[in-house]
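Okay, structure first, notes after.
Readers should treat all values here as calculations from the given coordinates under stated rules, not as data from a laboratory. Note that the coordinates shown come from a computational prediction; the quantities given were computed from them, not determined experimentally. Don't worry about glycine lacking a Cβ; one is built from the backbone with ideal geometry, like all the others, and counts go over all protein chains shown.
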Amino acid sequence: MSWIVLVVSGVLEAVWATALGKSEGFSKLGPTIVFGVAILLSMGGLAYAMRDLPVGTSYAVWVGIGAALTVAFAMATGEEPASLAKVLLILGIVGCVIGLKLLH
């Protein structure tokens, strides 16, 4: 169960990071609310997962999922230019996250 919560928390990290950018310094209400809710749920899930999983592994997986999804979303929406090198590097992050799960 901790792994599932950790993965969902990593997805929520991508949500709050994207909402933070769209809030334009917390000047837009909608993205600011999404940011606040997502960061609370994301951090809460990370804390829950850390009750059963090592801190280093939990944090690395959480950040890896969040970072990979944040940049993938930005590339998919055209907010950030996509390139083969970026896609391969993101896949490397995903591979490392999977490796951490398999080694656990």
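The chain: percent of C-alpha pairs farther apart than 23 Å? The partial results should precede the final answer.
Values: 1638 of 5356 pairs.
Distances greater than 23 Å cover 31 percent of the Cα pairs.
If you rank 26, 73, 35 by fewest surrounding Cβ atoms within 10 Å, what's the result?
In order of increasing Cβ crowding within 10 Å: 26, 73, 35.
Give the relative contact order (percent, whole number) for the range 15-98; include only Cα pairs under 8 Å separated by 6+ residues.
On the way: 49 pairs, mean separation 19.0, N = 84.
After rounding, I find 23 percent.
Tell me the trypsin sites (Lys or Arg not before Pro) within the range 1-97 that lie in a loop according to DSSP and have at most 15 other beta-carbon atoms within 10 Å. Write out the running numbers ahead of the final one.
On the way: sites: 22, 28, 51, 86; in loops: 28, 51.
Passing both the DSSP loop test and the Cβ count: 28, 51.
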